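These notes concern the structure reproduced below.
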Amino acid sequence: MKTLALLLFSSLWGQNFQQRGYLETRGLFFPQTVPGDSGRAIGETILRWDVFYKVNDRWKLNGMIDTRSDTHRQVERKARIDWQDRSLARPALSLRRFSASYSSQGLTVEVGKQFIRWGKADILNPTDRFAPKDFLEVVNFDFLGVLAARVSYERGNDTVDLVYTPRMTPSRAPLANQRWVVQPQPGFSVLDFGNWYPGGGQAGIRWNHVGRGYEFSSCFFEGYNHLPALTAQLLNIPNAVAVRRVFPRLRFYGADAAVPLAYFTVKAEAGYFTSSQAQTDEFLLYVVQLERQQGEWSFVGGYAGEYVTAQRNPFFFAPDRGVARTFLGRASYTIDTNRSVALETAQRQSGQGGYLKGEYTQAFGQHWRATVGFVWLRGNPSDFFGQYRRNSHAQLTIRYSF
């Protein structure tokens, strides 16, 4: 009887428990050095484990764990488990996700650390207010989870999404002693005085409607900008500047739409950012794009723009605004079940800067995959892309999936 019970428990657990993950090693190779960082190669290793457990037809538990190491000290050397994503460097061991979700008759509730994505565009998403990112490498970013309660209700062609976070999760900005920080001028050094985190929660609501031949949504957000404004202070130390990151209060109004046509799909997304604090600008950020799928080819092309209504602080770290006022494009081709190639670009309308990213992926069997790629940055030193022009690089990634 005891053996039968164990077999039954094992069978039920196997049916309800799912897992996946990968072990990945990545190498980045830089032809040029930069002031403050003489390194030309960076090695990284990450082990990610994603688990799901279905308690019953309505309840589900979700979890994701990361463990990392690297050669360039962008990963902490501390023996601790991180769940807040508020460290300047990447944690060596982190809980990327831990949540419980309930679904019934169009209602979905998820509580805990989770990933929340809003918007319809592909390369730039102005309405994505609950999606902070790891920007330690600026052009190679990863999304961070947020601790939140999310309620979604779908009825017919309409969906309402309510989100509340008790604390702000910041985007991770480049470290002061690394190559992705731009030195103020030759001979000066930047001292990182860390982050100043605001107190209080954040809330947002999004309504999405699927109509006949179109899809539209509008959203509202009240909280903080997860991208930092910068405060600089001269010190008594010769040729040194102290920089602290602050996260100003933010109110946001946004909308997006998608309209499938005969030869392509039109997507548009826009958001207006306003604040009661003088630490941040007020501005409109928008993107319009065309998308087409033709056989094994996928094409995306469009324009991202910005209109500033109040310029208050010239010092900020905002890759989303850095991509604005550019023509955007992406093309990918699936060669066969094991091989694919992709190109992505953003080119400043003034011609003062831009980037080009390319990659080729080859799968070997069911578990192994290799990717070779490059990032080419160009432009004037005063341009967002141009200031990173010495960070053009090649990269090689080997991944084992399980």
query = Reachable aspartates and glutamates from K267, Cα under 13 Å, same-chain residues fewer than 8 places away excluded?
reply = D122, E215, D256, E291
message = Just to be sure I understand the model, the point goes 7 Å from the Cα along the line to the Cβ. What's the resulting K78 to Y214 distance in nm?
response = 5.0
ask   = Which residue, G365, G305, G201, has the most motion in a Gaussian network model of the chain that connects Cα atoms within less than 10 Å?
value = G365
Dimensions in Å of region 17-401 - Rg and Dmax from alpha carbons = 21.3, 65
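Per residue, how big is the convex hull of region 1-151 when only Cα atoms are used? Give it in Å³. Write down the numbers at each step before the final one.
Working: hull volume 25.0 nm³, N = 151.
So the per-residue Cα hull volume is 166 Å³.
Would you mind getting me the FRET efficiency between V151 and K54? Use the beta-carbon distance for r and R0 = 30 Å, nearest 0.05.
0.90
So what is the 222 nm mean residue ellipticity for the chain from helices alone, if each DSSP H run of at least 4 adds -39500 (n - 2.57) and you divide by all residues, rounding to the nearest 500 deg cm²/dmol? Walk me through the intermediate numbers first.
Numbers: 2 runs with 20 residues, N = 402.
Here the helix-only value at 222 nm equals -1500 deg cm²/dmol.
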note = With R₀ set to 25 angstrom, the calculated FRET efficiency between the beta-carbons of S332 and Q311, to the nearest 0.05, is 0.10
request  = Could you run the Karplus curve 6.51 cos²θ - 1.76 cosθ + 1.60 with θ = phi - 60° over region 69-86 and give me ³J(HN,Hα) per residue in whole Hz, x for Gly and Pro?
outcome  = 8, 7, 9, 10, 6, 8, 10, 4, 10, 10, 8, 8, 9, 9, 10, 9, 6, 10
remark   = Any lysines whose Cα falls less than 19 Å from that of K60, other than same-chain ones fewer than 8 residues away, would be K113
remark   = Amide H contacts under 5 Å for R378, restricted to residues at least 5 apart in sequence or on another chain and with H modeled in the peptide plane, are G354
query = Taking every eigenvalue of the Cα gyration tensor of region 105-208, multiplying by 5 and rooting it, what semi-axes result, largest first, whole Å?
reply = 35, 16, 10
query = Cα gyration tensor of region 256-394, axes a ≥ b ≥ c as square roots of the eigenvalues: rounded (a/c below 1.5), prolate (a/b > b/c) or oblate?
reply = oblate
note = Here region 364-373 yields Karplus 3J(HN,Hα) values (6.51, -1.76, 1.60; θ = phi - 60°; whole Hz; Gly and Pro given as x) of 10, x, 8, 10, 9, 8, 10, 10, 10, x
request  = About the Cα centre of the chain, how large is the charge dipole given +1 on each Lys and Arg Cβ and -1 on each Asp and Glu Cβ? Please answer in debye to the nearest 20.
outcome  = 720
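Once you charge only the Cβ atoms, +1 for Lys and Arg and -1 for Asp and Glu, what is the size of the charge dipole of region 22-106 about its Cα centre, to the nearest 20 debye? Could the numbers behind the result be given before it?
Values: 15 positive and 10 negative charges, 37 e Å.
It comes to approximately 180 debye.
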task = Work out how much length A394 to A203 would gain on full extension: take 0.36 nm times their residue separation and subtract the Cα-Cα distance, in nm to one decimal.
result = 64.8 nm
query = What percent do you get for the relative contact order of region 17-401 when only Cα pairs under 8 Å and 6+ apart count?
reply = 12
note = When the charge dipole of the chain is computed with +1 on Lys and Arg Cβ and -1 on Asp and Glu Cβ about the Cα centre, the Cα farthest towards its positive end, among N125, Q114, G379, belongs to Q114
inquiry  = If I histogram all Cα-Cα distances within region 290-334 using bins 5 Å wide from 0, what percent of pairs lands in each bin?
reply    = 6, 16, 19, 17, 12, 10, 8, 5, 4, 1
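No lab work stands behind these numbers, since they all come straight from the coordinates. Because the structure is predicted, anything quoted here is derived from the model rather than measured. Methodologically, a virtual Cβ is constructed for each residue, glycine included, from the backbone with ideal geometry; neighbour enumeration extends over all protein chains shown.
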